[in-house]
1. Regarding Tyr33, is this residue in a loop (DSSP other than H, G, I, E, B) and at pLDDT below 95?
2. So how many residues does segment 1-39 have that are among the β-branched types (Val, Ile, Thr), within 10 Å of the chain's Cα centre (by Cα) and surrounded by fewer than 15 Cβ atoms within 10 Å (Cβ to Cβ)?
3. Could you give every pair whose Cβ atoms fall below 7 Å, whose first residue belongs to segment 25-38 and is closer than 19 Å to Val15 by Cα, and whose second residue is hydroxyl-bearing (Ser, Thr, Tyr) and surrounded by 13 or more Cβ atoms within 10 Å (Cβ to Cβ), counting only separations of at least 6 or pairs across chains?
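The values are calculated or read from the model by the stated rules, or taken from the named source; none is laboratory data. Just so you know, these numbers come straight off a predicted model, no measurement behind them. Quick reminder, even Gly has a Cβ in these numbers, built from the backbone with ideal geometry, and neighbours come from all protein chains shown.
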Amino acid sequence: MKWLESNLVVIFWAVIFGEVIGYIVGALKQVTYDPTSIGITMAVVAVIAVNGIMLLGRSDVKSSEGK
């Protein structure tokens, strides 16, 4: 359950930060702002990054415990 809760928090904050950054960059570059695609993209990237870092850290701990 802890894994699910942590991923939901990551998705929430990734969407919030993605929307803010996307709005600012869209205004600076004068392009159309599409909140749906930005939110989904940021959520997917954040979940992959956080879970990848967690998996890499877990394998490092296991290898150091065996020595």
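1. Criteria met by Tyr33.
2. Adding up the residues that qualify gives 1.
3. Gly26/Tyr33; Tyr33/Tyr23
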